[in-house]
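Heads up: the structure comes next, in structure tokens.
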Amino acid sequence: MLKPLLRLAILFAISLSICAALLLGAAQRYLETPVALADGSVEWTIEKGSNLNTVNRQLYQEDILSHPRLISLYARLTGQTAIQAGLYQINDGDTPIRLLQRFIRGDVVRYQITFPEGWGFSQWLEHLAGVEQFADDIGSFSRAQIMRAAAIDKPHPEGWLFPDTYSYISTDTAIDILARAHRRMVEVLEHAWQNRTSDLPYKSAYEALIMASIVEKETGLAEERPAIAGVFVRRLNKNMRLQTDPTVIYGLGDAYRGNLKRSHLKTPSPYNTYMIKGLPPTPIAMPSAAAIEAALNPKAGTSLYFVARGDGGHYFSESLEEHLKAVRKYQIYQRSADYRSAPRHDRKAD
């Protein structure tokens, strides 16, 4: 009597095993079968606070997934349920398992925004406002509020954002970008300050940042940065005025219309380095790491003057007499129709 029962039990167990294997095989095939999208790809947003069951159900309702419960079960059995919010791209050919792994990793769509070296704070804000995702962040707050939110705990924002290309995701804000750029500038400046050369006329790293911003705006050729910085450092050491146009232009603000006049050079301003001695009170732009490095490790030499040659580079002079001759040569007699103070492919946007 027992043998027939045992035989039935064994057959039943085998049948269950076969069914289970078939089910597991079918489930595995489904999980590894690419989804089919009519448009080839689709962007999908997982809202903050969403759980995997909800997301799978929504994907089913949009005909992207066909067995949402199976995917949820697989995720629970494998301990993969902690999905991350954000914007994802689902491509034709992605499998359910691949999508699940992407949601777990937070492999969201990333964008990039670039801030060229030499831009000012106003240009940064304008650039951010031009991105739809950030428009409300910039338009809804004052500059002071933006600075506080981004933890820019400085009296003046100019100079304190590091020019670079930043990646961001759909949940980031403009404040997030600014905060990252500020932290990066603080790090770069501190490292350069710790590795500065001796006998520099700066009382603080902030003064070096001011100088770096001037070097950035004066330099058309990247390789000239150390030489430009060397001229300015020697002038400060000799108690000479810097006499640099970019500081005057910055001080003019909206009054500057693209043409620097003699009257501008005689207009009193904390930034008019033709009239004041020493550095202006703040940076005039966001300097690059190379400009900061040049300001803190300027090129040695004896030149005290420089003038734009018209091809993007400068002619350096040791004496005022030599400098005036160079001015007549490059600014008057040989000034061509395509004269420019920076190379044709300028790396700055003034």
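The values are calculated or read from the model by the stated rules, or taken from the named source; none is laboratory data. The structure displayed is predicted, hence computed values, not measured ones. Note that we place each Cβ from the backbone using ideal geometry, even for glycine, and neighbour counts take in every protein chain shown. Note: areas computed on protein heavy atoms with side chains; ligands, DNA, RNA excluded. Shrake-Rupley method; radii C 1.70, N 1.55, O 1.52, S 1.80 Å.
Between Thr81 and Asp107, 0.36 nm times their residue separation minus their Cα-Cα distance comes to what?
Gain on extension, Thr81 to Asp107, equals 7.9 nm.
Taking all protein chains together and a probe of 1.4 Å, list Arg69, Arg234, Arg148 from the most accessible to the least accessible.
These residues rank, largest area first, as Arg69, Arg148, Arg234.
Please give the FRET efficiency for Val186 paired with Asp63, using the beta carbon to beta carbon distance and R0 = 45 Å, rounded to the nearest 0.05.
Here the calculated transfer efficiency is 0.35.
Tell me which label goes with the value of semi-axes √(5λ) of the Cα gyration tensor in Å computed from the coordinates here: (i) 65, 20, 19; (ii) 33, 23, 19; (iii) 30, 24, 19.
(i)
Tell me what the chain gives for mean residue ellipticity at 222 nm when only DSSP H runs of n ≥ 4 count, each as -39,500 (n - 2.57), the sum divided by the residue total, rounded to 500 deg cm²/dmol.
-13500 deg cm²/dmol
With only Lys, Arg, Asp and Glu charged, each at its Cβ (+1 for the first two, -1 for the last two), find how big the charge dipole of the chain is about the Cα centre; round to the nearest 20 debye.
With Lys and Arg at +1 and Asp and Glu at -1, about 640 debye.
Would you list the membrane-span-like helices of the chain, meaning whole DSSP H runs whose alpha-carbon atoms span at least 24 Å along their axis and whose mean Kyte-Doolittle value is at least 0.0?
Span-like helices here: 2-31.
With every protein chain kept in place and ligands, DNA and RNA left out, what is the accessible area per residue of the chain? Probe 1.4 Å, answer in Å².
I get 55 Å² per residue for this part.
Under the definition of Cα pairs under 8 Å and six or more residues apart, what whole-number percent is the relative contact order of the chain?
15 percent
Quick check for me: using +1 on Lys/Arg Cβ and -1 on Asp/Glu Cβ, what's the dipole size of the stretch 157-306 about its Cα centre, in debye to the nearest 20?
It works out to roughly 780 debye.
How large is the accessible surface of Asp107 in square angstrom, using a 1.4 angstrom probe and rounding to the nearest 10?
80 Å²
Spin-label point model (7 Å from Cα, Cβ direction): what's the Ala129 to Arg328 distance in nm?
According to this spin-label approximation, the distance is 4.8 nm.
When the accessible area of the chain is split by element with a 1.4 Å probe, what percent falls to carbon and sulfur?
Here it works out to 52 percent.
Gain in length, Asn91 to Ala36, computed as 0.36 nm per residue apart minus the alpha-carbon separation, to one decimal in nm?
Stretched fully, the Asn91-Ala36 segment lengthens by 19.0 nm.
Once Lys and Arg get +1 and Asp and Glu get -1 on their Cβ, which of Gly310, Tyr202, Val55 lies farthest toward the positive end of the dipole of the chain?
In the chain, that residue is Tyr202.
Suppose we keep just the DSSP beta bridges with both residues in the chain; what percent of those would be antiparallel, to 5?
Of the beta bridges lying entirely in the chain, close to 95 percent run antiparallel.
Identify the trypsin sites (Lys or Arg not before Pro) of the stretch 177-222 meeting these criteria: DSSP loop state and at most 13 other C-beta atoms within 10 Å of the C-beta.
Answer in residue order: Lys203.
For the pairs Lys203/Lys266; Lys154/Lys203; Lys203/Lys261; Lys261/Lys299; Lys266/Lys325; Lys203/Lys238, flag any whose C-alpha to C-alpha distance is greater than 21 Å.
Lys203/Lys266; Lys203/Lys261; Lys261/Lys299; Lys266/Lys325
For Met147, Met275, Met211, give the ranking by accessible area with the largest first, probe 1.4 Å.
Reading off the accessible areas and sorting them downward yields Met275, Met147, Met211.
Cross-link partners among aspartates and glutamates for Lys217, C-alpha distance below 17 Å, same-chain residues fewer than 8 apart left out?
Within reach: Glu117, Glu158, Asp164, Glu207, Asp245, Glu293, Asp311, Asp346, Asp350.
How many angstrom separate the Cα center of the stretch 246-293 from the Cα center of the stretch 77-153?
34 Å
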